[in-house]
Amino acid sequence: MKILLRYFNAIVGREYFFKPKIGNESLHQDSNDNGVRKVNFTTSKNLVVKSTMFLYRNIHKYTCTSDDGKTHNQGEHILIDRRWLSSTLDVRSCRGADCNADYYMVAAKVRERLAVSKQVAQKFDGERFNLRKLNKLEVTKQYQTEITNRFAALKNLSDGKDINKAWEDIKERIKTSAKESLVLYELKHHKPWFD
């Protein structure tokens, strides 16, 4: 996602031929030279001016006020890649964030959607044990004896042993006892679909 935040000193108007790139809600009627340059830049980079696309009252559009307090401009703009046009939910100027300057902060709400492939999410390379065999009494007793025999050797562990090595040792003992008593779960192999 490409987002460009910048004070361009560019006044972008509501000209009809700029509407696909700037929208219909600009503060000004006519563009100045910097505004035309900015629209040309957005066209060449496949960007869109999102700060002029949302319907607000004018007090929420202007980003700077002149010294006389009467002249207002919308010079700061947020440009976003056209592919992510719908990800920007809101752009407006925040007049309450005053830091003794003529400019107002411009805030944008952006939503990002992350897509995960179903095949990648469902792929599991680990070993799966057939846990339904634990419902049988003789398999459960066999598993319990395997675990107690394997962990009897772990009682002699010293406290100076590395915790990661101890965990790997415990994990391997559980896996080997489960392999011997429970057996690995066999995945169903589906026949390939054909015409």
Principal axes of the stretch 3-110: Cα extent on each, largest first, Å: 37, 29, 21
For the chain, size of Cβ-based charge dipole, Lys and Arg +1, Asp and Glu -1, in debye: 780 debye
Percent of Cα-Cα distances greater than 30 Å, calculated over the chain: 54 percent
Cβ crowding within 10 Å averaged over residues, with 41-47, 78-84, 21-27, 162-168 ranked highest first: 21-27, 78-84, 41-47, 162-168
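Where a number appears in this text, it was derived from the coordinates with a stated rule and is not lab data. As the structure is a computational prediction, the values presented were derived from the model and not from experiment. Ideal geometry is used to build each Cβ from the backbone, glycine not excepted, and the neighbour counts take in all protein chains shown.
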